[in-house]
Every structure is written in C-alpha cells, then in structure tokens.
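Each remark here refers to the structure printed beneath this line.
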Amino acid sequence: MMNKTNQCPLYKKCGGCQLQNLTYEKQLLFKMKKVVGLMGKFHRVEKIIGMKNPYHYRNKVQAAFGRDRQNRIISGVYQSSTHKIVPVDNCLIEDEKADEIIVTIRKLIKSFKIKPFDDNTMTGFLRHVLIKRGFSSGEIMVVLVTGSEQFKSKRSFINALLSRHPEITTIVQNINNKRTSLVLGDKNITLYGDGVIKERLCGYTFTISPKAFYQINPIQTEILYKKAMEFADIQKDDTVIDAYCGTGTIGIIASKYAGQVTGVELNKDAVKDAIRNAKLNNIKNINFICADAGRYMVETAKSGISADVVIMDPPRAGSDMKFLKSLLKLAPRKVVYISCNPETLKRDVMFLSKNNYKVRKIQPVDMFPHTEHVECIVLMSHLGKN
C-alpha cells in the first residue's frame, strides 16, 4: 500500500481528490471515522476495505476540450464547482492508457484544424472525449462528443487515431448540440468497431455502451459485490428483487444463487443493456422491468407476490419515502443496501430500523481513493421473519 501524499501538481487547482494531502492509511481512517460517526449507532462497523494500489483505478475517463487565455487548445477536467477547464495530461486516479489517448486526440485536432467547442458561443466541434476501458477484457471505447454531426476529415482522423493507438476497439461519435452541463447527448454514431465494449466481473461478461452506467473502479467493485452476496446469503429457492438495477450487474451475479431475480430500473437504455447482458451470460432465471422501483414494489405487494431478498443500490440522494414504504409493504426477509453516500444511508436505515428491520452488518469499501466518497453495504433483516 502506497503512502505518498500530495503527488499531484494539480491537487489544489482541480479539487477532484480532496484527501490527497493525507497518506492512504490516514484517508482510510478518515473514511472509517465518518461511517462510524453516522452508522455506528445501528451496529458495529467492520474495518473499511481499502485498495492495495490506490492509483489509476478509474476505468472511465472524460475530458472537456476548450482554449486557454493564449488561445491554445487544452483538455482536462472542470475545476470543482466551476466551468473552468484545468489542463490535465495525466491523472493519478485515471487509467493511464485513457489519458494517453486523450493527449493524442488533443494533438490530432490541432493538426486536423478541428476546433474545440465553445460553450458561450455554441460554436466549434469537439466538446468532450469520454474513454471507457475494460480492465479485465482490455477493450477500449473512445467517445468523441461533438457539437454537430458533420465531421470533416472523419475517416482520416479515425485512421490517424487508430494508427497511434491500435489497442482502441471501438470509436463512437456522440452528438450534443444543447446548452447543457450534461456530457453526452442523445444520438450516437458508431465510427469504428461495434459501439460497445465488454468487461468481465465476478465471472460474468457485461456489455458497456457509451451511456451505460458501470462502476468506475472494477477492482473494488468485485470486492463490493462479493461482499453484498455474502451478506445476502441467498438460498436456492429465494425470490430476489434488484432495485435500481442499472445494467443488471448485481442481479446477474445474484442469479447464480437464487430461484428467481427481478431487476427494476427506470432508465430505458439501462434496461436494454441489462436484457442484453442476461442473454450474453445465458441466464434464464432473471427478468428486467422498466419502471419506478417503489411503484413496482407496491404493485407486487398488492398482488400478493413476495420477495425474500431486496438488494438496493440507489443514487447519491438515497432512496425516497415511496420506495421505503413499498419495501415495508413487501416485507422481504433481508435487505442489502449498497450506498455511495453514508449521510442518506443513515436517514434511510433510521426509517427502516423503526419499522421492523434490524441492522446486522455494516461494511465500508473504499471505491474512490483520494476522494471523500465512501461506499457502504448494510445488511438488514426483518424482525418477524428471522
């Protein structure tokens, strides 16, 4: 485990790695203290699981393109809470190959006389570059986010990029011509390869498309999901609901142990990816429903169908009251809550613990070294069913 501190020259300018002034051991202590302070009243908190090598773990890298005051083309990240681009050539938490490709693209657009997009005037062409890399598969996707569809010298540009980086497996043009803070637009055009990459996780293969959500730290994700399965202790006849299922990763991993799994997700694109992932892994005992998770669970409870285990992995805002009340109606034997925000986790667990659920285990996992974020898994069981 590395103990260096403040290695990054952009540490103060960027603001992305809030804890880089601490050694990694002290970062883990800081995060552990935070989780114990918020969750310790419910149960003893297990020791946080850190990384052996907490650098270059991000499999998804995005860079904004623009110009500096000298009118030079720059690429990098937006400074925290601003729209100012901090130029970045290499980042201590991003995949090194992704950073290399972004630097190459920056040089190429200059030689091809391609203009970076200007958010103020809504002119120019290249807005962002998004790169996703399969750490296990080695496959690499490059997404060129452009302000318009018309791509001058497109074929020559793609050939030049591939000649410098033959390891790239697919290139996609994403059109985003709106005045928005969102990186990706709605339309994708595949320029090279098949528009997706594949990755292996917990023995399964997953397809990752440009807009699909996939955990950013694949090494810690495997640890996180295996721990979630250990907590769930699913039996062969159990019915499992994977709420906020995204592209189906957790549900597909759970299908190995369960009788039947249902994944529920509101995002249509994610549901399409989840169905494709289940087919890819030849899994028959899982189905996916495009719906609001809370509404689905209320309807399920009304129809008399029960669930033995609910696995929930909500966004940073946590779960809403509608979902939590639907959970109480459904009354599963176990709830496994995977959280990326211990503050909203505390709020939601407080509600459930006042309504027939008891916390049995709490496990923090460091998914984002050098940042303040901490992931946490909580196992809760129904007091009337154990």
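How many residues does segment 78-110 hold that are hydroxyl-bearing (Ser, Thr, Tyr) and more than 24 Å from the chain's Cα centre (by Cα)? Before the answer, list the steps.
If we filter segment 78-110 for residues that are hydroxyl-bearing (Ser, Thr, Tyr), which is where we start, we get 78, 80-82, 104.
From what is left, the residues that are more than 24 Å from the chain's Cα centre (by Cα) are 104.
Here the count works out to 1.
Among the listed residues Val378, Val349, Val335, Val374, which satisfies the condition of being assigned by TED's automatic domain parsing to the domain that holds Leu266 and more than 24 Å from Thr300 (Cα to Cα)?
Values: Val378 fails: more than 24 Å from Thr300 (Cα to Cα); Val349 fails: more than 24 Å from Thr300 (Cα to Cα); Val335 fails: more than 24 Å from Thr300 (Cα to Cα).
Exactly one of Val378, Val349, Val335, Val374 is assigned by TED's automatic domain parsing to the domain that holds Leu266 and more than 24 Å from Thr300 (Cα to Cα), namely Val374.
What's the number of the only condition in (1) more than 22 Å from Asn177 (Cβ to Cβ); (2) modelled with pLDDT of 95 or more; (3) among the polar types (S, T, N, Q) that Thr146 fails to meet?
With (1) more than 22 Å from Asn177 (Cβ to Cβ); (2) modelled with pLDDT of 95 or more; (3) among the polar types (S, T, N, Q) applied to Thr146, the lone miss is (1).
Among the residues of segment 96-115, write down those that are assigned to a helix (DSSP H, G or I) and either surrounded by fewer than 19 Cβ atoms within 10 Å (Cβ to Cβ) or acidic (Asp, Glu) (or both). Before the answer, list the steps.
Pass one, segment 96-115, residues assigned to a helix (DSSP H, G or I): 96-111.
Within segment 96-115, Glu96, Lys97, Asp99, Glu100, Val103, Thr104, Lys107, Leu108, Lys110, Ser111 meet the criteria.
Any residue in segment 252-262 that is among the aromatic types (Phe, Trp, Tyr), surrounded by fewer than 22 Cβ atoms within 10 Å (Cβ to Cβ) and in the same structural domain as Leu330 (by TED's automatic domain parsing)?
So in segment 252-262, the residues among the aromatic types (Phe, Trp, Tyr) come out as 257.
Retained after the next criterion (residues that are surrounded by fewer than 22 Cβ atoms within 10 Å (Cβ to Cβ)): 257.
Now restrict to residues that are in the same structural domain as Leu330 (by TED's automatic domain parsing): 257.
Looking for residues that are among the aromatic types (Phe, Trp, Tyr), surrounded by fewer than 22 Cβ atoms within 10 Å (Cβ to Cβ) and in the same structural domain as Leu330 (by TED's automatic domain parsing), one finds at least one in segment 252-262, hence yes.
I'm trying to understand the selection: among the residues of segment 305-333, which are within 16 Å of Leu266 (Cβ to Cβ), of a type in the set (Gly, Ala, Ser) and not in a helix (DSSP H, G or I)?
Once the filter is applied, which keeps residues that are within 16 Å of Leu266 (Cβ to Cβ), of a type in the set (Gly, Ala, Ser) and not in a helix (DSSP H, G or I), segment 305-333 yields Ala317, Gly318, Ser319.
Scan segment 41-95 for residues that are modelled with pLDDT of 95 or more, within 30 Å of Lys346 (Cβ to Cβ) and not in a loop (DSSP other than H, G, I, E, B) and jot them down.
Val45, Ile49, Arg58, Lys60
Under 17 Å from the mean Cα position of the chain (by Cα) and either surrounded by fewer than 17 Cβ atoms within 10 Å (Cβ to Cβ) or β-branched (Val, Ile, Thr) (or both): does that describe Asp313? Walk me through how you get there before you give the answer.
On the way: under 17 Å from the mean Cα position of the chain (by Cα): yes; either surrounded by fewer than 17 Cβ atoms within 10 Å (Cβ to Cβ) or β-branched (Val, Ile, Thr) (or both): no.
No.
Could you say which residue among Tyr225, Tyr214 is at pLDDT below 95, hydroxyl-bearing (Ser, Thr, Tyr) and under 14 Å from the mean Cα position of the chain (by Cα)?
Result of the check over Tyr225, Tyr214: Tyr214.
Does Ser163 meet the test of being surrounded by fewer than 16 Cβ atoms within 10 Å (Cβ to Cβ), modelled with pLDDT under 95 and not aromatic (Phe, Trp, Tyr)?
Taking the combined requirement at face value, the residue does not satisfy it.
I'd like the full set of residues that are of a type in the set (D, E, K, R) and either closer than 30 Å to Thr121 by Cβ or surrounded by fewer than 19 Cβ atoms within 10 Å (Cβ to Cβ) (or both), limited to segment 175-216.
Of everything in segment 175-216, those that are of a type in the set (D, E, K, R) and either closer than 30 Å to Thr121 by Cβ or surrounded by fewer than 19 Cβ atoms within 10 Å (Cβ to Cβ) (or both) turn out to be Lys178, Arg179, Asp186, Lys187, Asp194, Lys198, Arg200, Lys211.
Tell me whether segment 257-277 contains one or more residues that are farther than 20 Å from Ser326 by Cα and of a type in the set (Phe, Trp, Tyr).
Yes, the conditions are met somewhere in segment 257-277.
Identify all residues within segment 278-310 that are without any contact (Cβ under 8 Å) to a residue 60 or more places away in the chain, over 23 Å from Phe213 (Cβ atoms) and crowded, with 17+ Cβ neighbours inside 10 Å; write none if there are none.
Val298, Thr300, Ala301
Restricting the search to segment 316-326, which residues are surrounded by fewer than 19 Cβ atoms within 10 Å (Cβ to Cβ) and in contact with a Pro (Cβ under 9 Å, 6 or more places away or on another chain)?
If the condition is that a residue be surrounded by fewer than 19 Cβ atoms within 10 Å (Cβ to Cβ) and in contact with a Pro (Cβ under 9 Å, 6 or more places away or on another chain), then Asp320 is the only one that fits.
Restricting to segment 116-129, what's the tally of residues that are part of a loop (DSSP other than H, G, I, E, B) and either surrounded by 13 or more Cβ atoms within 10 Å (Cβ to Cβ) or among the small types (Gly, Ala, Ser) (or both)? If you could, list the steps in order and put the result at the bottom.
As a first pass, look at segment 116-129 and keep what is part of a loop (DSSP other than H, G, I, E, B): 117, 119-122, 124-125.
When the remaining residues are screened for being either surrounded by 13 or more Cβ atoms within 10 Å (Cβ to Cβ) or among the small types (Gly, Ala, Ser) (or both), the result is 117, 119, 124-125.
Matching residues across segment 116-129 total 4.
When you look at Ile73, is it farther than 23 Å from Glu222 by Cβ and either in the same structural domain as Val378 (by TED's automatic domain parsing) or touching a strand residue (DSSP E or B) at 6+ places or on another chain (Cβ under 7 Å) (or both), yes or no? Outline the logic, then answer.
Values: farther than 23 Å from Glu222 by Cβ: yes; either in the same structural domain as Val378 (by TED's automatic domain parsing) or touching a strand residue (DSSP E or B) at 6+ places or on another chain (Cβ under 7 Å) (or both): yes.
It is true that Ile73 is farther than 23 Å from Glu222 by Cβ and either in the same structural domain as Val378 (by TED's automatic domain parsing) or touching a strand residue (DSSP E or B) at 6+ places or on another chain (Cβ under 7 Å) (or both).
Let me confirm something: among Ser209, Ser137, which residue is over 25 Å from Ile85 (Cβ atoms) and in contact with a Lys or Arg (Cβ under 6 Å, 6 or more places away or on another chain)?
After ruling out the rest, the residue left standing is Ser137.
Name, by its number, the condition in (1) part of a strand (DSSP E or B); (2) surrounded by fewer than 17 Cβ atoms within 10 Å (Cβ to Cβ) that does not hold for Ile338.
(2)
The values are calculated or read from the model by the stated rules, or taken from the named source; none is laboratory data. Bear in mind the structure is a predicted one, so any value in this text is a computation, not a measurement. Positions of Cβ are generated from backbone atoms using ideal geometry, with glycine treated the same way; all protein chains shown enter the neighbour counts.
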